[in-house]
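The values are calculated or read from the model by the stated rules, or taken from the named source; none is laboratory data. Note that the structure is a prediction, hence the values are computed from the model and not measured. Here Cβ is always computed from backbone atoms with ideal geometry, including for glycine, and neighbour counts include all displayed protein chains.
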Amino acid sequence: MPPSLHALLVEEIQAERLIAMATLLAGPGSGAKMLIWPERQTGSLGDGGLDAEVLQVATAALARQQSERFTFRQGESEWDVFVDVHPPPPQLVIVGAVHIAIPLVTFAKTLGFRTIVVDARRAFATQERFAHADRLLIGWPADILADLNLNESTCLVTLTHDEKLDNPALLLAINSPVRYIGALGSRRTHTARVAALQEEGATDAQLARIHAPIGLELGGRRPEEIAVAVIAQIVQVINEKKMVG
């Protein structure tokens with residue numbers, strides 16, 4: 001691999017940006033490599049037609065966040081290409097240091113998520129309640145989220161029931177590439193939320209990304225039961241995305 005491509009790959013992985021390395025395993029030009037992001041690429045596998053085909057399948061592989069090997073044929077030429085996807089580490093951002101958030105952090109960490117709890121209310125966002133979270137950030141969610149890396153491996157949930165806290169956070173989320181967005185509240189609450197977000201310029205496609213009412217229908221009412229429903233829906237959505245394409 002050219003040193004520049006290798007250095008760039010390492011830099012992007014360390015910066016927690018979604019990226020893939022396409023390597024030509026067999027065929028004319030064997031050993032050539034190309035770096036691919038969701039919206040751009042650098043390098044070449046040595047054939048313009050092959051590059052175009054690889055970019056198409058690599059874009060789908062990036063969306064699934066799964067590495068895969070492909071075979072391409074053009075005339076008498078045949079190439080084997082491995083698309084090695086490097087997703088950012090999974091993280092769950094929880095807006096609202098409420099009772100549900102406490103078991104939700106526990107469940108998420110068990111599944112390997114980095115957990116970040118955000119709330120402006122110091123009475124709720126205490127170290128005693130969230131010592132098990134990876135980060136506890138106190139301040140207005142919209143201000144804090146603007147400085148976080150809301151990437152393709154991020155899941156975000158809003159739990160406060162306070163539109164001043166939830167809605168600005170949701171507006172940021174729907175304008176980012178996050179993998180899952182969920183919002184606690186009744187259908188009536190969500191209808192009002194949608195209207196408010198539309199006034200802020202949210203499109204129908206963006207609003208459709210929000211899972212609300214949040215969580216799978218498990219019939220639970222206790223905080224722990226609601227947290228189970230939320231984490232179950234997150235797992236479901238992530239696995240469904242892996243199957244797309």
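The table below gives the values:
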| read-out | value |
| --- | --- |
| Filter pass, Ala205 being in contact (Cβ under 8 Å) with a residue 24 or more places away in the chain and aliphatic (A, V, I, L, M) | no |
| Any hit, the range 130-153, residues being out of contact with any Ser or Thr (no Cβ under 7 Å at 6 or more places or on another chain), without any contact (Cβ under 8 Å) to a residue 24 or more places away in the chain, within 28 Å of His86 (Cα to Cα) and surrounded by fewer than 19 Cβ atoms within 10 Å (Cβ to Cβ) | yes |
| The range 42-53: number of residues that are in contact with a Leu (Cβ under 6 Å, 6 or more places away or on another chain) and buried (at least 16 other Cβ atoms within 10 Å of the Cβ) | 3 |
| For Ala142: the one exception among (1) more than 22 Å from Trp37 (Cα to Cα); (2) at pLDDT 95 or above; (3) not in a loop (DSSP other than H, G, I, E, B) | (2) |
| Hey, Leu170 hydrophobic (A, V, I, L, M, F, W, C) and modelled with pLDDT under 95 or not | no |
| Test result for Gly75, modelled with pLDDT under 95, touching a strand residue (DSSP E or B) at 6+ places or on another chain (Cβ under 8 Å) and at positive phi | no |
| Leu156 vs. criteria within 21 Å of Ala63 (Cβ to Cβ), at pLDDT 95 or above, in contact with a helix residue (DSSP H, G or I) (Cβ under 8 Å, 6 or more places away or on another chain) and assigned to a loop (DSSP other than H, G, I, E, B) | no |
| The range 203-225, residues that are at pLDDT below 95 and crowded, with 17+ Cβ neighbours inside 10 Å | Ala212, Ile214, Gly215 |
| Some residue of the range 136-154 being among the aromatic types (Phe, Trp, Tyr) and within 22 Å of Leu18 (Cβ to Cβ) | no |
| Elements of type helices (runs of 4 or more DSSP H) contained in the range 181-245, each with 3 or more residues being farther than 21 Å from Arg64 by Cα and either over 19 Å from the mean Cα position of the chain (by Cα) or small (Gly, Ala, Ser) (or both) | 187-199, 223-243 |
| Which listed residue, of Arg114, Arg122, Arg73, is assigned by TED's automatic domain parsing to the domain that holds Leu50, out of contact with any Cys (no Cβ under 8 Å at 6 or more places or on another chain) and either under 26 Å from Ala15 (Cβ atoms) or surrounded by fewer than 14 Cβ atoms within 10 Å (Cβ to Cβ) (or both) | Arg73 |
| Filtered residues of the range 156-177 (kept if hydrophobic (A, V, I, L, M, F, W, C) and in contact (Cβ under 8 Å) with a residue 60 or more places away in the chain) | Leu156, Val157, Leu159, Leu165, Ala169 |
| Unique match (being farther than 17 Å from Val95 by Cβ and at pLDDT 95 or above) among Ala195, Ala183 | Ala195 |
| Test: residue in the range 108-125 that is in contact with a Ser or Thr (Cβ under 8 Å, 6 or more places away or on another chain), of a type outside the set (D, E, K, R), touching a residue at least 60 places away in the same chain (Cβ under 8 Å) and closer than 17 Å to Leu5 by Cα | no |
